[in-house]
Structure formats: C-alpha cells, structure tokens
1. Say each of residue 18 and residue 87 gets a label point 7 Å from the Cα, pointing the same way as Cα to Cβ; how far apart are those two points in nm?
2. Only helical DSSP H runs with n ≥ 4 go in: add -39500 (n - 2.57) per run for the chain, normalise by residue count and round the 222 nm mean residue ellipticity to 500 deg cm²/dmol.
3. Fewest to most neighbouring Cβ within 10 Å: what's the order for 51, 118?
4. Give me the angle, in degrees from 0 to 90, between the Cα long axis of helix 10-19 and the longest principal axis of the Cα atoms of the chain, rounded to the nearest 10.
5. Based on the Kirkwood radius over alpha-carbon pairs, what is the Stokes-Einstein translational diffusion coefficient of the range 12-67 at 37 °C with 0.692 mPa s viscosity, in µm²/s?
6. Calculate, for residue 60 and residue 36, the FRET efficiency according to 1/(1 + (r/R0)^6) with r their C-beta to C-beta distance and R0 35 Å; round to the nearest 0.05.
7. How far is it, in nm, from the label point at residue 148 to the one at residue 46 when both lie 7 Å from their Cα along the line to the Cβ?
8. What spacing in nm lies between the two simple spin-label points modelled at residue 108 and residue 96, each 7 Å away from Cα in the Cβ direction?
C-alpha cells in the first residue's frame, strides 16, 4: 500500500469535470449530489487517474529545477523511461461512488506480461497491472486495470 494519500477535494473535482467537459451538477453542487442519492459531491468516473500527481515517483510529475517532459515545449524532449511506452488499455471497476472528502491510498499490483509482433514486425512487450484505491477505513473504492505496450527500439536506437 502506498504511503501517499490522494485527497478528493471539491475544487479538484470541479476543475477535472470541466477539463473533461462534463457539466453534471453532481460534480459541483452538494444539493444536486444529495438529490442523486450521494453523500457529497461525486468525482467523475476517471478522476482517480489524477492520483498520479500525488505519487512522488510519477515520471511525468513536474519537479522544480528539472526539465519537465510533459510540456512538449521543446521538440525531441522525451522521458527516457516513456519514450517507447504506449498506454494500451484502461478499465475501472467501481465498488462505491468516489466523493469529496474521501482520502485514498493506492497499491499497484503487477499482472501478466506477454509479447507480440506488430503488423510491421516490431516486437511489442505488453504488461498489465491493477491499482486498488482504498479509503481511510481500508475499504476498496475503485479497482483500475491498465495495460501498457512497450515497443522495441528503432534500429538507430540500438
């Protein structure tokens, strides 16, 4: 289990909902959320992805005094670990609604790995992993399953 915590805060939920273009009032209005049967303002379904910014090891997290690989400001600037890694799949299982006031911790559980040839003949290395998000009482709130694909280096990289 991660020692890091991911607090679900109303302003963060509101800005996330706006960023994904979801104007549902349950993401900004406590009364609307309660009318919908929730205990408080709800978080959008993919909101837990923002927990990466609470992870000190997240490779795309901006760090003072270090180049930020997520900006795209300078061409050719790539994070060495992520240069050939693609996000292939994402699945979520909800055990209960995620609401403002929840404070989550998470645990990443490695899964299977396998290789496959692409149509062009390049080797693709797949890996899946599960992330369990738990509340302050240790109850499972959301399970996320991700699959990544890593391509073999281009011939000029070898």
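1. Rounded to a tenth, the inter-label distance reads 2.1 nm.
2. Per the formula, -2500 deg cm²/dmol.
3. 118, 51
4. Taking the Cα atoms of the chain, the angle to 10-19 is about 50 degrees.
5. Values: Rh = 12.8 Å.
The Stokes-Einstein estimate is 256 µm²/s.
6. Values: r = 34 Å, r/R0 = 0.96.
FRET efficiency, residue 60 to residue 36: 0.55.
7. So the two model labels end up 1.8 nm from each other.
8. So the two model labels end up 2.7 nm from each other.
The numbers here are math on the coordinates, done by the rules we state, and not lab data. For clarity, every value in this text was computed on a predicted model and none was experimentally measured. Backbone-built Cβ (ideal geometry, glycine too); neighbour counts: all protein chains shown.
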